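Student: Starting off with a structure, shown below.
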Amino acid sequence: MKRIAVFCGSSKGASDEYMKAAEQLGKDLVERDIALVYGGASVGVMGTVANSVLQNGGQAIGIMPRFLDEREISHKALTDLIIVETMHERKAKMAEMVDGFIALPGGAGTMEEFFEALTWAQIGLHQKPCGLLNTNQYYSPLVDFFTHMVNEQFMQQRYKEMVMVEENSGKLLDRFERYVAPGLKTYER
Ligand code: AMP
């Protein structure tokens with residue numbers, strides 16, 4: 001794995017655990033010689049993960065839409081900051097550059113980005129691993145909702161299993177290395 005996309009909050013969250021998790025993920029990426037690709041902001045969990053990568057001697061690449069450049073306060077010391085025109089371009093650029101997708105805790109923006117990566121994996125547009133870093137059990141209600149989707153037959157079990165959920169970022173990255181994509185989504189006729 002050469003580059004991983006990390007989606008995460010532009011806010012800091014209510015607990016210090018979120019910042020600590022971002023710092024640890026940054027270290028773990030650098031240790032494995034994996035570059036960070038993320039939204040390019042200097043604020044919230046986004047800024048913390050980028051700073052951790054840079055402080056540990058790694059590469060942090062930001063992809064920022066021009067109109068958000070000021071609002072999200074672009075990180076000024078990244079290895080590379082790529083300015084794009086639209087949110088769609090940002091996600092497309094991130095997706096094409098990386099070998100996997102991780103969501104650290106974040107809000108609606110993080111979820112939107114993660115779900116695009118996940119749904120594209122379901123329909124076979126890519127074969128890259130998708131993982132949730134479940135710091136402070138933040139994503140446990142979402143994992144319960146996936147179970148609900150499976151029980152109500154709106155999600156296939158193999159796609160629920162495709163989402164890797166770990167509290168420890170090192171463990172999550174180890175699982176990424178071993179990931180094998182499931183077969184394509186099938187439909188009942
Ligand atoms: P949030 O998790 O809401 O703090 O947002 C985290 C990141 O997601 C930020 O970089 C936002 O710019 C981005 N984001 C927010 N809304 C969207 C959207 N509709 N599509 C793509 N990215 C978004």
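Throughout, read-outs are computed from the coordinates displayed, never taken from laboratory work. Everything numeric here is computed off the predicted structure, so don't read it as measured data. As a convention, Cβ positions derive from the backbone with ideal geometry for all residues, glycine included, and neighbour counts pool all protein chains shown.
Student: Within the range 124-141, can you find the residues that are assigned to a loop (DSSP other than H, G, I, E, B) and more than 16 Å from the chain's Cα centre (by Cα)?
Tutor: Within the range 124-141, 124, 125 qualify.
Student: Can you find, within the range 89-139, the residue that is nearest to the ligand (Cβ to nearest atom) among those that are among the polar types (S, T, N, Q) and touching a strand residue (DSSP E or B) at 6+ places or on another chain (Cβ under 8 Å)?
Tutor: 110
Student: Please return the ranges of helices (runs of 4 or more DSSP H) entirely within the range 1-99 where 2 or more residues are in contact with a Lys or Arg (Cβ under 7 Å, 6 or more places away or on another chain).
Tutor: The helices (runs of 4 or more DSSP H) meeting that bar are 16-31, 44-55.
Student: Kindly indicate which of 38, 18 is aromatic (Phe, Trp, Tyr) and under 14 Å from residue 53 (Cβ atoms). Walk me through it before giving the result.
Tutor: Values: 18 fails: under 14 Å from residue 53 (Cβ atoms).
It is 38.
Student: A further question follows. Looking at the range 135-165 only, could you name the residues that are in contact with a Lys or Arg (Cβ under 6 Å, 6 or more places away or on another chain) and either in contact (Cβ under 8 Å) with a residue 12 or more places away in the chain or closer than 19 Å to residue 25 by Cβ (or both)? Before the answer, list the steps.
Tutor: From the range 135-165, those in contact with a Lys or Arg (Cβ under 6 Å, 6 or more places away or on another chain) are 146, 150, 164; that's our starting set.
Of everything in the range 135-165, those that are in contact with a Lys or Arg (Cβ under 6 Å, 6 or more places away or on another chain) and either in contact (Cβ under 8 Å) with a residue 12 or more places away in the chain or closer than 19 Å to residue 25 by Cβ (or both) turn out to be 146, 164.
Student: Contact list please: Cβ distance under 7 Å, first residue in the range 59-86 and touching a residue at least 12 places away in the same chain (Cβ under 8 Å) and buried (at least 18 other Cβ atoms within 10 Å of the Cβ), second residue of a type in the set (Lys, Arg) and part of a loop (DSSP other than H, G, I, E, B), pairs at least six apart or on different chains.
Tutor: Going by the 7 Å Cβ cut-off, there are no qualifying pairs.
Student: Answer yes or no as to whether residue 39 is within 16 Å of the ligand (Cβ to nearest atom), touching a residue at least 24 places away in the same chain (Cβ under 8 Å) and touching a His at 6+ places or on another chain (Cβ under 7 Å).
Tutor: When the stated conditions are applied, residue 39 does not pass them.
Student: I'm checking my understanding of the structure. Among residues of the range 63-94 that are among the small types (Gly, Ala, Ser) and out of contact with any helix residue (DSSP H, G or I) (no Cβ under 7 Å at 6 or more places or on another chain), which one is nearest to residue 4 (Cα to Cα)?
Tutor: The qualifying residue nearest to residue 4 (Cα to Cα) is 92.
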